[in-house]
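Data block below; observations after.
The values are calculated or read from the model by the stated rules, or taken from the named source; none is laboratory data. The structure displayed is predicted, hence computed values, not measured ones. We place every Cβ from the backbone using ideal geometry, glycine too, and count neighbours over all the protein chains shown.
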Amino acid sequence: MASLLIPHARLALRATSFAALRHPLAACSLRPLSSAASPTDIVTDWKATVLSKPVLVERDTIRPQTLQQLAMTLDKATPDLSSSATSIAKLSKAGALLPVNWHHVYFPPMIGEQDLGQDGYEMTHAPPAPFLARMWAGGGVQQNPANPLRVGQQMVMQTKCTGVDIKQSRTGDTMVFVTLEKLVENEAGWALTDTRTLVYMEKDEKSVHAPKPKIVKPRKQADFSMQVFPTAITLFRYSALTFNSHRIHFDHEYANQVEKYPGCLVHGPLTSTLMLENLRLRLKPGLIVKNFRYRALSPLFVNQPIKICAKNTAVVPTMDADVVESYEVWVENPEGGLAMSGTVEVVKA
């Protein structure tokens, strides 16, 4: 299996700038920090260390039972596109295509509780204190249409930190954006590249969350959409499937009393997966997602209705030559404001 590994530089995801990402809570414009700021010194020292870390190699198998559990979790979250037992069985049949973004339920972090952060998240690529508050900022997936992941296959994933950006809001809040690139291979070679960016913010006894961001309404009408109502059980099941112990997703008392949120937060990967599900269940046979990019704009909370939207857009020359369909995808919060937005490029399988 080791012979299948491919250097990161050869398969880097199409460059995506995360400089435009906004703090999920502060909705502020970003500018570089002054080099004199002490938080910058802390991160600068750590940055050299994390960027030089060796590639983390993990292995897993695409087990049908895990897919069935995820399908049932998503099924409850999307009642207007409910999956029957027959369709779930078909989805998890040996050799069936793994839907894009479903790989998040594999490669669980093998980390003991004593090595987790105080909020319960894994800290393999996390900056040191005081940057202890973590949020999902965005990401993307590039899939190999000639070699997609399939049920029953063995996988190897290589993870490398490829970027650390230090930003500061107008209110003086320091933010550290950490970008990870994850190369996933099966027995035939490269299958997909998952790029994700996490934002870390200062957290101490005096810190408080920034005001609720301004509601930004989408400027377009969806061609198709679906309503989703993530429950506490939905979030708990997704946390369990991904072995994600970040307490903001399942511990209401912690999320409300310590983090000062109205309730538990919906996972960034879960939200982005729902965006893709809205599209996947409507794609014509013979088509497959090749490129998916997204960014988080504001948080979503448990027991609140959200709207998953998609709009067909024109294929343009800057896209890959094999792209046959293109979509804008986004998620609206209960107030109709943008919570997550992205793009999807589709090719023939």
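Tell me, which strands (runs of 3 or more DSSP E) lie completely within segment 301-349 with 3 or more residues that are free of Cβ contacts under 8 Å to residues at least 60 places away in the same chain and aliphatic (A, V, I, L, M)?
Working: elements: 306-313, 323-332, 338-348.
Result: 323-332.
Which one is nearest to K214 (Cα to Cα) among residues in segment 282-294 that are basic (K, R) and either surrounded by fewer than 22 Cβ atoms within 10 Å (Cβ to Cβ) or without any contact (Cβ under 8 Å) to a residue 40 or more places away in the chain (or both)? Can you show your working first?
Of the residues in segment 282-294, the ones basic (K, R) are 282, 284, 290, 293.
Imposing the further condition that a residue be either surrounded by fewer than 22 Cβ atoms within 10 Å (Cβ to Cβ) or without any contact (Cβ under 8 Å) to a residue 40 or more places away in the chain (or both) reduces the set to 282, 284, 293.
Values: R282: 32, K284: 37, R293: 23 Å.
Once the filter is applied, the top-ranked residue is R293.
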Residues of segment 174-193 being in contact with a Ser or Thr (Cβ under 9 Å, 6 or more places away or on another chain) and within 25 Å of P128 (Cβ to Cβ), in sequence order, are T174, M175, F177, V178, T179, L180, E181, K182
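Scan segment 231-274 residue by residue and report those that are small (G, A, S), touching a Leu at 6+ places or on another chain (Cβ under 7 Å) and within 15 Å of A133 (Cβ to Cβ).
Start the filter on segment 231-274 by keeping residues that are small (G, A, S), which leaves 232, 239-240, 245, 255, 263, 268, 272.
Okay, now just the ones that are also touching a Leu at 6+ places or on another chain (Cβ under 7 Å), so 245, 255.
Residue satisfying the conditions is A255 alone.
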Residues in segment 304-321: is at least one closer than 30 Å to E113 by Cα and touching a Ser or Thr at 6+ places or on another chain (Cβ under 9 Å)?
no
Pairs please, first residue from segment 157-175 and closer than 13 Å to P127 by Cβ and among the acidic types (D, E), second anywhere and at pLDDT 90 or above and surrounded by 19 or more Cβ atoms within 10 Å (Cβ to Cβ), Cβ atoms under 9 Å, 6+ apart in sequence or on different chains.
D165/M175; D165/V176; D165/F177; D165/V178; D165/T179; D165/T197
With the structure loaded, tell me whether D204 is over 18 Å from L300 (Cβ atoms), at pLDDT 95 or above and not aliphatic (A, V, I, L, M) or whether it fails that test.
no
Among the strands (runs of 3 or more DSSP E) contained in segment 99-211, which hold 1 or more residues that are small (G, A, S)?
131-143, 154-168, 189-202
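Can you pull out the residues in segment 252-275 that are within 15 Å of Y238 (Cα to Cα) and in contact (Cβ under 8 Å) with a residue 40 or more places away in the chain?
So in segment 252-275, the residues within 15 Å of Y238 (Cα to Cα) come out as 264-274.
Across segment 252-275, the qualifying residues are V266, H267, G268, P269, L270, T271, S272, T273, L274.
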For segment 213-262, give me the residue count where each residue is part of a loop (DSSP other than H, G, I, E, B) and on the phi < 0 side of the Ramachandran plot.
23
